[in-house]
Structure formats: C-alpha cells, structure tokens
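The values are calculated or read from the model by the stated rules, or taken from the named source; none is laboratory data. Worth saying up front: this structure is predicted, and the values here are computed from it rather than measured. Cβ: placed from backbone, ideal geometry, glycine included. Neighbour counts: every protein chain shown.
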Amino acid sequence: MNEHRFILEPYKGMNTRHHCPACKSKDKTFSLYVDTDTNQHINDSVGRCNRESNCGYHYTPKQYFHDNDIPFEPKQERIRQAPPPKSKPSYIDYELFKQSLAGYEANKFVMFLKNLFDDEITNQLIAKYFIGSSKHWQGSTVFWQINPKGKIRTGKIMLYDANSGKRVKKPFNYITWAQSVLKLPDFEMNQCLFGEHLLTDKTKPVAIVESEKTAIIASVYLPQFIWLATGGLSNLNAEKFRVLVGQTVVLFPDVNGFYKWNDKAKELRERIPDTRFEVSDLLENIASEDERTNGLDLADYLIKFDWHEFGKETTPPSVEKIEINTKSEKGENSEPPENIYIFSDSAHMAQIPNDEAVNWFNGHLLHSMNKPEICNTLNF
C-alpha cells in the first residue's frame, strides 16, 4: 500500500515514459504523476523530467492543484498492521563452500575466461571473486554471495557456453541455488550483492552491473573500480545498497535498462544519504538497433577490445568523468577533487594487483584455487 496518494509512475517499459513538455527532448525522459486512488495520470504536464542537469522540469501535483484552484486531497491516514518480524538470514557453511573451490578444468565459465584473458588473470579472478564449480550440471559455475564479514549468504549456480561466454538457456534456463542443490532444510535466503566482500577496500569508487559475469570481466578492463553485481533487477534496492553508504557509486545498466536504473538511482539518493549515485549512459548512447534487440551489456562492449591494449589508448572510447566530493564536515575542501574516469587512459588499467585476493577466510590466502589440498572433489 502506497503511503502517498500521488506518485511518479513506476517504470514498466517505455510506454510509461513520455516526452518532456519543457525541454521537448526527442527521447522519452518524462515521468508522469499517478493518482494511486484511480491509477490515472493527473495531467500531461504534471511530472518530472529525468534530465535533471539539462532540464530540471518538475511540476508537482500540489503545484498543479494550486495553480488551477483544485482542492488538494492527500491520502487519508489508514490503519496499517505492523509488518511481521523478518526471519533471520541463513548462511552457507564454510566447509560446503570450500568444496566448490576446485574442478576448474571442467568449469565452462572459467574456460571462457582463460580464452578471453590468460591463466594468470583467470586465477586472480577466481581468487578475487571466489568463483566456484558445481557438478549439478557438467561444467557449471557457482557465484557465491559473500558479505563484508565473510558470511556466505548463498551461491547461484549457472551454466555457460565455454566459447561464447553466454548462459545456456536451452532446453531450459540453467540456473539454480546452492542451498537447493544441497537440500538445506529451512534455508532462509537473503541475498547480498555479488562481490560485496570486496568492500573492505575503501580506496576505490564502486561500480555496479546486473550480471556476475559482467562484474568479473569489467574488473580486468577497469580495475580502478570495485566491481559488484546485483544478480538481478530485484536486488537494485535500498535494502541491498545500504552497505554502500558513504561511497561513490556508478551504475552501469544494460542497454535496455537505463531509464529504470536512472529512476532507481534517484530513489537511492533519497534513501541512502551521504552516498553518491551516478548512472552511466554509455551503452544507451552507443548501442545499435541489433545490440538493443540482443540486450547489450558492458561485458559485451568491453570484450570487443584487447584487454592488453585497452588502457593504453591515448583517446579511449567514450570517456565519462565524475568528481568525488572531498568536502569536510565544515564544507571546506580538504584536497583538490579527484577525477574518476570511467574509461581512463591509465597505462596500467588492465593490471590486477596480487594483493587484491581476499584473505579473510580463516586468515588463509587462496594463492591457487587448483591446489589439491584445498578441495579434492566436488560434492555438489
């Protein structure tokens, strides 16, 4: 139940976005207000333009009613039942997690990474993101969701094509959860962001994409960010993002998700103060019609370039810059603002430092995920 009678229309495709009456942009950047009592738009002029910097048009229902001498009737107070207490989240046992850290010679996603990069970079990615293997489907991969305290929330098991790097969706969509395969009773799944364990590094801004595969690949091309993945649009919400408080965060939506992610970013700015959220429109600007039809994501774009040479380009493709706020509590700049380039010309962009491998599991640094003493067999 909505607490407010008048709300901006939620994104449900481009038919819920319109042309702004102020800037008259050729793109549909205008969100209309909806009366939740009738589910009708108030007026074609009552809404907000998403081009906040270039337009900034925002005509609220209250202003419209005042200008037209219409009584303003906000939603009446209604008795609401207290929500039921939340169940405590379950966690995957560490020993079960360790069982997946093997079998990489048959892991088809790992095969794809080795073809795309090389053995050294692939091993670093396995250690950094704790990429696991499963025998549930031959060659399948486990993407573990681990919070900054080292608690393993869940593991998503998926099957990839070793050559294309695409998920296998025929004859059915090969995706399931570790707790389902392990048949863990009464498991209360409460997801976190994929890669969330990397947030112990406070020196870099955070970049967020939808898929785990994209986060892993982008971390090689653009290591100046901490790369996380929502694992699905349902996790693009304030509850999951509160772990990012105080950070500078850049969202990289897939090509058909820009407007929805942009709306979500506005909501996140309101609900998570002291945190900067930016949305990259890179794919929205460069995608062809075929790429839009096929759902281009950042990984699809990046792998068009040689990762060895990507950071050495003197004029990198599509540079987008943001500034990190360095003001102190008194409002004074403690040091000059730092520019963060989403596509930088750093000569060492493709390098991943060895010390980025996470080492908090029992103080044990996983130098090589292929060592037999870590795990000899896959048990799920």
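Are there strands (runs of 3 or more DSSP E) fully within region 208-298 with at least 1 residues that are in contact (Cβ under 8 Å) with a residue 40 or more places away in the chain, over 13 Å from the mean Cα position of the chain (by Cα) and at negative phi? List them.
Details: elements: 226-229, 248-251, 276-279.
Of the strands (runs of 3 or more DSSP E) lying wholly inside region 208-298, those with at least 1 residues that are in contact (Cβ under 8 Å) with a residue 40 or more places away in the chain, over 13 Å from the mean Cα position of the chain (by Cα) and at negative phi span 248-251, 276-279.
Residue-level check: of (1) assigned to a helix (DSSP H, G or I); (2) more than 24 Å from the chain's Cα centre (by Cα), Ala102 misses just (1). Could you tell me whether region 127-134 includes any residue that is closer than 24 Å to Phe225 by Cβ, among the hydrophobic types (A, V, I, L, M, F, W, C) and at pLDDT below 95? Yes, some residue in region 127-134 is closer than 24 Å to Phe225 by Cβ, among the hydrophobic types (A, V, I, L, M, F, W, C) and at pLDDT below 95. Note on region 127-147: residues that are closer than 10 Å to Cys192 by Cα and assigned to a loop (DSSP other than H, G, I, E, B) amount to 1.
Within region 56-70, identify whether any single residue is farther than 30 Å from Ser25 by Cβ and of a type outside the set (D, E, K, R), and answer yes or no. The answer is no, given that none of the residues of region 56-70 is farther than 30 Å from Ser25 by Cβ and of a type outside the set (D, E, K, R). Selection over region 29-51 of residues that are part of a loop (DSSP other than H, G, I, E, B) and free of Cβ contacts under 8 Å to residues at least 24 places away in the same chain gives a count of 4.
Restricted to region 202-221, and to residues there that are of a type outside the set (Val, Ile, Thr) and surrounded by fewer than 18 Cβ atoms within 10 Å (Cβ to Cβ), the residue that is nearest to Asn147 (Cα to Cα) is Lys202. Residues in region 4-37 that are of a type in the set (S, T, N, Q) and at pLDDT 85 or above: Thr16, Thr29, Ser31, Thr36.
Table: residues versus (1) in contact with a Leu (Cβ under 6 Å, 6 or more places away or on another chain); (2) more than 19 Å from Phe380 (Cβ to Cβ); (3) surrounded by fewer than 23 Cβ atoms within 10 Å (Cβ to Cβ); (4) in contact (Cβ under 8 Å) with a residue 24 or more places away in the chain.
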position	(1), (2), (3), (4)
Ala127	yes, yes, yes, yes
Phe130	no, no, no, yes
Ser134	no, no, no, yes
Gly139	no, no, yes, yes
Ile146	no, no, no, yes
Gly155	no, no, no, yes
Lys166	no, yes, yes, no
Met189	no, no, yes, yes
Thr200	no, yes, yes, yes
